[in-house]
Amino acid sequence: SLDAIDLQDRCELSNRTGMDSETLKRAFLNNLFYVQGKFPALATTNDYYMALAYTVRDRLLQRWINTAATYTELGSRTVAYFSAEFLMGPHLGNNLINLGIYDQVEQGMAELGLSLDELQEEEEEPGLGNGGLGRLAACYLDSLATLDIPSLGYGIRYEFGIFDQDIRDGWQVERTDKWLSAGNPWEIARPEWSVEIKLGGHTEHYTDDHGNYRSRWVPDQVVKGIPYDTPILGYQTNTANTLRLWTAEAPESFDFRSFNSGDYLGAVYEKMISENISKVLYPNDDSSQGKQLRLTQQFFFVSCSLQDMIRILHGQNLPLENFHKKFAVQLNDTHPAISVVELMRLLIDHHQMDWEQAWTITHQTFAYTNHTLLPEALERWPIELFGSLLPRHLELIYEINQRFLDEVRIKFPDDEERMIRMSLIDESGERYVRMAHLACVGSHAINGVAALHTELLQKDVLRDFYEMYPHKFTNKTNGVTPRRFMVLSNSQLSKLITSKIGDSWIKNLKELQQLEQFVDDAGFQVEWRRIKQHSKTELATYIQNNNNITVDPDSLFDIQAKRFHEYKRQHLSLLHIVTLYNRIKANPDIEITPRTFIFGGKAAPGYFMAKLIIKLINSVGNVVNRDPDVRGRLKVVFLKDYNVKLAQRIYPAADLSEQISTAGKEASGTGNMKFALNGALTIGTLDGANVEIREEVGEENFFLFGLTTEEVYHKRAHGYRSRDYYHTNAELKLAIDRIASGFFSQGDAELFRPLVDDLLNQDQYFLFADYASYIACQDQVAAVYKDQTKWTRMSILNAARMGKFSSDRSIEDYCRDIWKVEPVNVELRQC
Ligand code: NBX
């Protein structure tokens, strides 16, 4: 019988756990034969990639199973990170790093005549997020596992992730992201844990056996949620947590009904409608569009996840009253905020709990992270739409609201205005449900993602809630994982650092500080520079191959890589480029620091102005890159399809990191951290986490410019007129006039008019107000770059002082202050 086989023997027999180079190679060939069904003469790169992925997966599975067994046995308190987005990036390289077998596997593959780089390139990354918010969730999963914190990521398994970006004639065009078409070796479907989700319909009121007045939801649609699990291994630990993503399907019972009535097409139609729910990621990173499908997605994954957690609780023989003791749920923005109401519904309607107890459990369960200060990004759902999809939830929201407003009235008597401002329902015009208010009321903790951001939330966006519940508010400054964004993506720099200070910085990033002792060591400086140069040369090759533009690796690589948005001000960098170009045209022999300007990022498909800025970058590039007067001293490159994979090539190659948002607009930023960690110097405003980065690295190692948040508020309040700056700054005027004249658009003076007119008449992001300060600061950057010793010194100090910005530190803060959860050690016992 199975029991008779010694567990240890089973591991060894199967060859599925050994980590030495020979065993890995044997397992790889075994998978090529028995999983891919190929032999080398017929194998494609994808076959090799898949064979290697399965080899790695086997090693993960051993840890994953032991982790699950340990948590089940101990009934460990668990973090559930609820996020509509997880921007994981490719798994293969990261898993090799975290398993500690990257070098063995690279060598093993080389012995078989294969390149590990090429195999990694083959992986389609799961782009299930838009930008910072989704990537933060991914960094946090890595840190949770690395710190041995029991945790689950819950989200949606979109069939199509963020679109692939193409550039045609300088314009962005979108293509669907078919990331699953070659198969996904990292996930395992768990159909046995499917759950049913209700949608639409109406409610009915009745009196139960105990004479209580109750409500029941009679939906008009039911869909099935199927979980797909991906193991998330920590770095140098046995802990492998789970990312559980839900796919929507039509339940079989539904087809039967229509099939039996002979309505075949009707049944198939129903199925199609159900499956739409997890079909595609909404590609907006800044605005709430109020689309029914989006709300359906949010409710779908939240309800699936909460039901799944109740199943887990029951599986461990824990009573429902312990829900908040077993689980700490973090809401990644308001996208999963409907959870507050759904948990209340499950507790009250399904489990007959009374209101008070259900509310205590609910609000002790949830904590809410806000990621934005932009008013247009705050989610609101029209009451009509909300009620037609979630009629029972609307009733519950009214009840929550009534009780909440009673509390407000007691704390702030005779303040009707405050009640109107704070209500969960916006009644100023068309009526809406305000999701941020729901999240604040339904959570025991509320946090912003950088010190300045949290301060502005308290002073401005969530001021009333801060006055009501000051104890709920804390700051949790974002962080990034040094495993993916240093060890994996910048292996040479990582190895140099390790050779000097040992490798414990990888788990304890503060130790990078020890690099300061080498800051004036000439040999170290040379090595540091050589590695930067190497990364720049590699990026230059990529640019040559993809853009057919020759760039000089000795030039200053000035990079802005992030989503396109007016508040991020990619067009401020453009004004700098045009200004430098104008200086050259006015005086071709002018002394100028050669620069390569590199942009990457996607624009939301419906965001006209962001797309126009992309077009302008490409148009300016077309002129500047070819003009013989420039003599190659300036190059402008737009790298298409910015994603995690490309980001990993970009950070190591940057000299200068552009973090130039209007003060008070960028909640935190996380690219700013990745660049600085990789030794780039930052030019930036006092916005988001830039403030803290500057504090850490020292003001003398940071290029600061621009208005402060208060100055921006003040200018706005006192009638800002951008045109005045245009008329008084000759270089600014010349730059704008060049763009407006059609100089960069083959004489077409209409093309960029919307952008130019907006800047002259509105300029709500204060480009003109910050222009002079930005240009002066850039001139200083150019001067410092000429002094390579000074620059290198600053670069080393930047990296050495980035310890605070590890996502490990962020997660430790969350664990201590919000989640109250402790690490659990996992030992390997089973295969
Ligand atoms: O979250 C970003 C902020 O803009 C960054 O400053 C911050 O560093 C990062 C992590 O905290 N927000 C963001 O990426 N938002 C979205 O992607 C988003 C997606 C969908 C949506 C609204 C916002 N409906």
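The values are calculated or read from the model by the stated rules, or taken from the named source; none is laboratory data. On a predicted model such as this, the values are computed, not experimentally measured, just so you know. Cβ atoms come from the backbone with ideal geometry, glycine included; neighbour counts cover every protein chain shown. When the accessible area is computed, the model is the full protein with side chains, heavy atoms only, and any ligands, DNA or RNA have been set aside. Shrake-Rupley method; radii C 1.70, N 1.55, O 1.52, S 1.80 Å.
Condition first: of a type in the set (A, V, I, L, M, F, W, C) and surrounded by 21 or more Cβ atoms within 10 Å (Cβ to Cβ). Now tell me which residues in the stretch 362-376 satisfy that. Answer for the stretch 362-376, where residues must be of a type in the set (A, V, I, L, M, F, W, C) and surrounded by 21 or more Cβ atoms within 10 Å (Cβ to Cβ): Phe366, Ala367, Leu373. The requirement of being over 23 Å from Thr203 (Cα atoms), part of a helix (DSSP H, G or I), polar (S, T, N, Q) and assigned by TED's automatic domain parsing to the domain that holds Tyr469 is satisfied by Gln364.
Counting only helices (runs of 4 or more DSSP H) that sit wholly inside the stretch 377-482, those with at least 2 residues that are open to solvent by less than 30 Å² (accessible area, probe 1.4 Å) and away from the ligand (no atom under 16 Å from the Cβ) are 383-389, 391-411, 416-422, 435-442, 463-468. So in the stretch 250-284, with the set limited to residues that are modelled with pLDDT under 85 and within 14 Å of Leu199 (Cα to Cα), which one is nearest to the ligand (Cβ to nearest atom)? Once the filter is applied, the top-ranked residue is Glu270. Remark: pairs (first residue in the stretch 108-136, more than 23 Å from Asn284 (Cβ to Cβ); second residue hydroxyl-bearing (Ser, Thr, Tyr) and surrounded by fewer than 18 Cβ atoms within 10 Å (Cβ to Cβ); Cβ separation under 6 Å; 6+ apart in sequence or on different chains) = Gly108/Ser21; Glu122/Thr45. Does the stretch 114-122 include one or more residues that are more than 16 Å from the ligand (Cβ to nearest atom), closer than 30 Å to Asn317 by Cβ and over 19 Å from the mean Cα position of the chain (by Cα)? So far as the stretch 114-122 goes, no, none of its residues is more than 16 Å from the ligand (Cβ to nearest atom), closer than 30 Å to Asn317 by Cβ and over 19 Å from the mean Cα position of the chain (by Cα). Note on the stretch 101-148: enclosed helices (runs of 4 or more DSSP H) holding 3 or more residues that are open to solvent by less than 30 Å² (accessible area, probe 1.4 Å) are 102-111, 132-146. Checking Leu61, Leu52, Leu96 one by one, the residue that is open to solvent by 10 Å² or more (accessible area, probe 1.4 Å), of a type outside the set (Ser, Thr, Tyr), touching a residue at least 40 places away in the same chain (Cβ under 8 Å) and not in a loop (DSSP other than H, G, I, E, B) is Leu61 and no other. Listed conditions (1) free of Cβ contacts under 8 Å to residues at least 40 places away in the same chain; (2) more than 16 Å from the ligand (Cβ to nearest atom) are all met by Asn672, apart from (2).
I'd like to verify a number: residues in the stretch 545-581 that are away from the ligand (no atom under 16 Å from the Cβ) and either touching a residue at least 40 places away in the same chain (Cβ under 8 Å) or out of contact with any Ser or Thr (no Cβ under 6 Å at 6 or more places or on another chain) (or both), how many? The number of residues fulfilling the criteria is 25. Do we find a residue being of a type outside the set (D, E, K, R) and open to solvent by 30 Å² or more (accessible area, probe 1.4 Å) anywhere in the stretch 635-646? Yes, that holds for at least one residue. Within the stretch 286-303, does at least one residue satisfy the condition of being away from the ligand (no atom under 16 Å from the Cβ), touching a residue at least 12 places away in the same chain (Cβ under 8 Å) and closer than 30 Å to Asp808 by Cα? The answer is yes, given that some residue of the stretch 286-303 is away from the ligand (no atom under 16 Å from the Cβ), touching a residue at least 12 places away in the same chain (Cβ under 8 Å) and closer than 30 Å to Asp808 by Cα.
Residues of the stretch 675-697 that are within 16 Å of the ligand (Cβ to nearest atom) and either closer than 21 Å to His576 by Cα or outside any helix (DSSP H, G or I) (or both): Phe675, Thr682, Gly684, Thr685, Leu686, Asp687, Gly688, Ala689, Asn690.
Among the listed residues Ala138, Ala110, identify the single one that is in the same structural domain as Leu24 (by TED's automatic domain parsing), hydrophobic (A, V, I, L, M, F, W, C) and more than 10 Å from the ligand (Cβ to nearest atom). After ruling out the rest, the residue left standing is Ala110.
Residue-by-condition table, conditions (1) buried (at least 19 other Cβ atoms within 10 Å of the Cβ); (2) over 21 Å from Gly387 (Cβ atoms):
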position: Gln316; (1), (2): no, yes
position: Leu320; (1), (2): no, yes
position: Ala328; (1), (2): yes, yes
position: Asn332; (1), (2): yes, yes
position: His335; (1), (2): yes, no
position: His351; (1), (2): no, yes
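Considering only the stretch 749-764, I want to know if a residue exists there that is closer than 21 Å to Arg583 by Cα and touching a residue at least 24 places away in the same chain (Cβ under 8 Å). The answer is no, given that none of the residues of the stretch 749-764 is closer than 21 Å to Arg583 by Cα and touching a residue at least 24 places away in the same chain (Cβ under 8 Å). The set of residues from the stretch 73-93 being farther than 30 Å from Thr334 by Cα and touching a residue at least 24 places away in the same chain (Cβ under 8 Å) comprises Leu74, Leu92, Gly93.
In this structure, Val781 does not satisfy being outside the structural domain of Trp505 (by TED's automatic domain parsing) and touching a Leu at 6+ places or on another chain (Cβ under 7 Å).
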